[in-house]
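Presented below is the structure to which this report refers.
What follows is calculated from the coordinates using simple rules that are stated; it is not laboratory data. Computed from a predicted model, the values in this text were never measured in an experiment. Backbone-built Cβ (ideal geometry, glycine too); neighbour counts: all protein chains shown.
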Amino acid sequence: MTGITGRVAIVTGASSGIGATTARLLSERGMRVVVNYLRSSKAAAEVVAGIEASGGQAMAVQADVREVAAIERMVEQVRAAWGGIDVLVHNALIPYAVKSFQDMTWEELGGKIDAEMHAAFAVTKAVLPAMTVQGGGRLIFIGTGLSRRPREGMIALGTSKAAMEQFARYLAQELGPQGITVNVVAPGPVEETRMANVFDDAHKQRQVAATPLGRLAHPADVARAVAFYADEDNTFMTGTTAVVNGGMSMY
Ligand SMILES: NC(=O)c1ccc[n+]([C@@H]2O[C@H](COP(=O)([O-])OP(=O)(O)OC[C@H]3O[C@@H](n4cnc5c(N)ncnc54)[C@H](OP(=O)(O)O)[C@@H]3O)[C@@H](O)[C@H]2O)c1
C-alpha cells in the first residue's frame, strides 16, 4: 500500500480474472475500489477482504452491467459513500457464442453486439456526471486482440469488441475537452481466467510458440496497463489502445 489517495475506481466484473487482479492493483496504487460483480458474491467479497487486509478500501456492488437501473443504483451507492468517481474500468465479460459464422444465428451475433454496446453505453453514461463535475476522469475499456485479428469461432466477441473499441475512440474525441481520457487495453490470451480453460493444452502451446515473450499473459500483465491509464500521471494519452500480448501480433 502506498497510502489511499481518495481517488475512486469502479471496476466492472471484478469478482474474478482480469477484473479482480485490476481491483487489487488499483488499491495497491492508493485508490478506493468498487468491486462490481454479477453472480459471484462470495468471490467479490473475497476480493474486498483481500484489499482491506492489505490496508485498502473496497466495496463489492452487485449490478448487471446490461441493466441501466442497476448501474445507476451502483453509481449512486458509490457517490453516496465516497463522493465521486475518478476511474471506470469496464471489464465485465458478457457471455457469447464460440462458433463459426455458418453455425451462428443473428440472435447470437446481434445479441452479443447489443449487450456489449448497451453495457459500455450505460456504464459510461452513469459515471459521466460525476467526472464532469470533477473536471476530469479516466475511462478504460477492456478490448481484445480478436477485434483486430480474427480467430476461428470468435466472430461474436471480436466483432462486438471492435464496436466497443471504436466507441471508446469517439468518446475520447468528445470528452477530451472535459479532461476525461478514454483508452482501451486489448489483451491477447490471458491465463488464470475462465476463457483460458476453453482451449486445450496443444492450442495453448501453439499460442505460446507464436509469442515472442514466450508465455501467455497473466491477469497482472493486463492490470498494469490499466493502472497506467488510470493514474494521474497519464496526462496526455487518450484514444489509444495498449496491446498486451507479448508480441503475439504487432500493430
Ligand atoms: N481471458 C482472456 O483470455 C481475455 C483476452 C482478451 C480480453 N479479455 C477481456 O477481459 C475482460 C475480463 O475477462 P476475464 O477473462 O478476466 O473474465 P472472467 O474471469 O470470466 O470474469 C468475468 C467477470 O465479469 C463479470 N460479469 C459477467 N457478466 C456480467 C454482467 N452482466 N454484469 C456485471 N459483471 C459481469 C463476472 O462476474 P460474476 O462472476 O459475478 O458473474 C466476472 O467478475 C473481458 O472484457 C474479456 O473480453 C479476456
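The H on the amide N of ALA60, modeled in the peptide plane, is under 5 Å from the matching H of VAL35, each at least 5 residues off or on a different chain.
With R₀ fixed at 51 Å, the C-beta to C-beta distance from ARG151 to ALA80 puts the FRET efficiency at about 0.75. Between LYS125 and ALA220, the contour length at 0.36 nm per residue exceeds the Cα-Cα span by 31.4 nm. Helix 219-230 versus the longest principal axis of the chain: what angle, 0 to 90°, nearest 10, using Cα atoms? So the inclination is approximately 50 degrees.
Given axes a ≥ b ≥ c from the Cα gyration tensor, I'd like to know whether the stretch 59-168 is rounded (a/c under 1.5), prolate (a/b larger than b/c) or oblate. Taking the square roots of the gyration eigenvalues as a ≥ b ≥ c, the stretch 59-168 is prolate.
You can think of it this way: the chain between MET250 and SER100 has 51.5 nm of extra reach, that is 0.36 nm per residue less the Cα-Cα gap.
Please list, by residue number, everything in the stretch 116-160 whose backbone N is under 19 Å from a paramagnetic label point 7 Å out along Cα→Cβ of ARG206. Inside the label zone: 145-158. If you run the Gaussian network model on the chain, springs between alpha carbon atoms under 10 Å, then out of LEU175, LEU26, LEU139 the most flexible one is LEU175. Counted by neighbouring Cβ atoms within 10 Å, the residues LYS161, LYS42, LYS99 run from fewest to most as LYS42, LYS99, LYS161.
For GLY188, the residues whose amide H sits under 5 Å from its own are GLY145, VAL244, ASN245, ignoring neighbours fewer than 5 places away on the same chain, with H placed 1.01 Å from N. Can you tell which of ARG215, ARG39, ARG149 shows the greatest fluctuation in a Gaussian network model of the chain with Cα springs below 10 Å? Comparing ARG215, ARG39, ARG149 in the GNM, the peak value goes to ARG149. The string of couplings for the stretch 84-99 from the Karplus curve (6.51, -1.76, 1.60, θ = phi - 60°) is x, 9, 9, 9, 10, 10, 8, 10, 3, 9, 7, x, 8, 7, 9, 6 Hz, one whole number per residue in order, with x for Gly and Pro. Once the Cα atoms are used to define both axes, helix 41-53 deviates from the longest principal axis of the chain by about 60 degrees. Measuring nothing but how far apart in sequence close Cα pairs (under 8 Å, 6+ apart) lie, relative to its length, the chain scores a relative contact order of 18 percent. Using a Gaussian network model of the chain in which every pair of alpha carbons under 10 angstrom is joined by a spring, one finds that among ASN234, ASN91, ASN36 the greatest mean-square fluctuation is at ASN234. Between 0 and 90 degrees, the angle of helix 106-134 with respect to the longest Cα principal axis of the chain falls at about 20 degrees. Across the stretch 155-164, computed HN-Hα scalar couplings (Karplus, 6.51 cos²θ - 1.76 cosθ + 1.60, θ = phi - 60°) run 5, 5, 5, x, 6, 5, 6, 4, 5, 5 Hz from first to last residue, x flagging Gly and Pro. Spin-label pair THR132-GLU52: with each label point 7 Å from Cα along the Cα-Cβ axis, the two points sit 3.5 nm from one another.
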